[in-house]
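The values are calculated or read from the model by the stated rules, or taken from the named source; none is laboratory data. Please read these numbers as outputs of a predicted model, since none were measured by experiment. For neighbour counting, all protein chains shown are included, and Cβ atoms are generated from backbone atoms with ideal geometry for every residue, glycine included. Accessible surface is based on the protein model in full, side chains and every heavy atom, while ligands, DNA and RNA are left aside. Shrake-Rupley method; radii C 1.70, N 1.55, O 1.52, S 1.80 Å.
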Amino acid sequence: MYKFVYGFLLVIVLGSSGCSDWLDVQPKTSVPEEDLFADEFGFQDALTGFYLKMGESSLYGRELTYNYMEMLAGRYEYAPDITNWTSIYNYDGTYKSIKDNVFSGAYNIIANINNFLHYLEVNREVITTPGYYEIMKGEALGLRAFLHFDLLRMFGPVFAMEPQGKAIPYRTVFSNEPTPVLPATEVVDACLADLHQADSLLWEADHDIFVHDVNADPFLELRQFRMNRWAVKAMLARVYCYKGDEESKAKAYAVASEVVESKLFPLTEALTTENRILFDEHIFSLHIYEMEKVVDPDFINQNVSGLGVGKELFGQFYDLSAGGSTDFRSGNAAFHEMLITDDTKKILSKYDQTGYASDHLPNYTGAYSGADVMPLIRIPEMYYIMAECDPDPQSSAEILDMVRFKRGIASSDATDGGKGYDEPDTREGFDSGHTRRINEVMREYLKEYYGEGQLFYFYKRHNYVTFANCSLVDVRTKYQFPLPENEDMFGITGK
């Protein structure tokens with residue numbers, strides 16, 4: 001058990017070079033833990049290694065962002081080798097390996113984080129730079145919560161329906177001792193405990209440097225690539241909103257408001273080919289080594305079977321016939337077209353590292369403006385959490401429109417927060433099993449997070465029976481990923 005990581009730490013050898021070097025580094029080797037944790041630089045390298053491991057294509061570099069999680073959310077009508085879209089919910093068949101690789105890959109990183117935290121205490125005397133101990137421990141705890149929470153969102157039950165349902169283990173030590181599968185509510189509480197401790201550690205020690213600053217300590221610049229103090233607060237908002245009771249919703253609203261009011265992550269008002277990723281909005285993101293090698297086969301160097309959506313469904317997603325035509329999220333900088341016989345397929349351009357195939361315009365002005373970046377938390381989510389949790393209907397609608405208007409939607413198409421906003425949605429084409437408020441927030445997730453892997457979690461959290469372009473009449477029995485059959489190899493028991 002845990003033999004695949006026990007005794008040494010799988011990390012990237014980065015040395016003490018600056019940020020510009022590690023952004024371009026290729027994963028190379030592993031280092032014995034007694035050598036790795038012998039000095040401060042070794043701890044820096046190990047911590048950076050966690051982020052690079054998260055960026056692998058089996059995790060957030062592909063499957064948990066624009067590929068498999070978006071297939072589950074009905075984003076695509078075209079995809080390689082998929083002729084029957086119901087098969088994507090066959091977690092123990094065709095897609096078993098994707099699901100199991102996510103599980104094992106995330107717990108591998110968690111195991112290494114726990115080992116890191118152990119040595120951070122044992123060898124604390126080698127951490128000599130003021131604030132480094134607090135930042136390193138805060139980042140590690142925040143990452144542990146982040147990974148566990150996403151595993152919960154996949155392998156746990158629909159929390160609103162079964163908060164006591166069996167979910168996943170929450171591993172806090174590095175050992176070969178089995179860990180029981182916990183009820184979902186206990187996993188949530190463990191996530192919150194880690195996040196609150198991380199918040200306490202990072203709040204005074206962290207530095208709000210979200211640009212490349214040649215005069216700054218390289219370990220403390222471009223903080224959006226780390227689990228920074230605002231990313232921890234954003235995660236608190238995300239987890240409290242997930243918990244969903246009235247007290248938790250109030251906490252979610254409060255902490256999301258803190259992130260918004262920091263004014264560190266302004267909403268973008270225009271999308272261009274140089275800023276497709278909306279980099280200034282990133283609270284937490286990953287730098288993906290040679291990202292073009294991952295995304296180009298899916299979006300750029302496509303044939304007719306590549307990932308895409310037909311223009312009719314695309315128009316429904318973005319309300320193109322009802323006020324959405326001015327929404328820049330549906331424009332050419334975000335999507336481009338490919339002709340398929342008599343139809344047109346829309347293809348996501350968000351991750352294009354070179355520009356349109358026709359003119360090869362550069363996407364980014366430099367290495368620190370969004371190139372090779374995968375967003376994991378962006379500022380619009382904080383507005384959406386506030387809109388979902390605000391007890392005042394009109395205020396909720398106005399918060400939602402703060403994002404919509406910035407995206408180019410006309411003020412004449414403002415969200416109606418009046419009578420019926422918190423009643424079952426009786427509008428044609430909308431799910432009457434949810435309130436108009438929830439359906440309006442859902443529509444924003446649909447438009448805002450194309451290719452980022454967040455929409456399926458929203459559908460699951462609210463237990464939608466079905467949704468746009470879902471291949472199942474009732475998807476509710478497919479929301480919970482089954483645990484791997486050989487879960488014992490991961491040090492887990494009590495299925």
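Treating each Cα of region 32-205 as an identical point scatterer and summing with the Debye formula, the log10 of I(q)/I(0) at q = 0.13 Å⁻¹ comes to -0.73. Taking 0.36 nm per residue of separation and subtracting the Cα-Cα distance, full extension of the segment from Glu428 to Glu186 would add 83.2 nm.
For the chain, with all protein chains present and a 1.4 Å probe, just round the carbon and sulfur fraction of the accessible area to a whole percent. Walk me through the numbers on the way to the answer.
Details: 9640 of 18950 Å².
Carbon and sulfur atoms account for 51 percent of the accessible area of the chain.
Which whole-number percentage describes the relative contact order of the chain, with Cα contacts under 8 Å and a sequence gap of 6 or more?
On the way: 826 pairs, mean separation 96.5, N = 495.
19 percent.
Farthest towards the positive end of the charge dipole of the chain, among the residues Leu376, Thr344, His148, is the Cα of Thr344, using unit charges on the Cβ of Lys, Arg, Asp and Glu.
Please report, in debye to the nearest 20, how large the charge dipole of the chain is about its Cα centre when each Lys and Arg carries +1 at its beta carbon and each Asp and Glu carries -1 there. Mind dumping the intermediate values first?
Working: 44 positive and 75 negative charges, 182 e Å.
Result for the chain is approximately 880 debye, rounded to the nearest 20.
Identify, among Val465, Gln394, Trp203, the residue whose Cα sits farthest towards the positive end of the charge dipole of the chain, taking +1 on the Cβ of Lys and Arg and -1 on the Cβ of Asp and Glu, with the dipole about the Cα centre. The listed residue farthest towards the positive side: Val465.
Note on the chain: Rg/Rh from C-alpha atoms, Kirkwood Rh, equals 0.94. Think of the chain as having a plus end and a minus end, set by charges on the Cβ of Lys, Arg, Asp and Glu; of Thr83, Val260, Pro169, Thr83 sits farthest toward the positive end of this dipole.
Over the chain, DSSP H runs of length four or greater, each weighted -39,500 (n - 2.57), average out per residue to a 222 nm ellipticity of -12000 deg cm²/dmol.
Residue separation of Thr344 and Ser325 scaled by 0.36 nm, minus their Cα-Cα distance, works out to 5.1 nm of gained length.
In the full protein context, region 371-427 carries 37 Å² of accessible surface per residue, based on a 1.4 Å probe and ignoring ligands, DNA and RNA.
Please give, to one decimal in nm, the separation of the simple spin-label points placed at Asn215 and Glu485, each 7 Å out from Cα toward the Cβ. Between Asn215 and Glu485, the label points sit 6.1 nm apart.
In this structure region 32-205 gives 33 Å² per residue of accessible area when probed at 1.4 Å with all protein chains present. Evaluating kT/(6 pi eta Rh) at 37 °C and 0.692 mPa s, with the Kirkwood radius of region 211-303 over Cα pairs in the Stokes-Einstein relation, gives 208 µm² s⁻¹.
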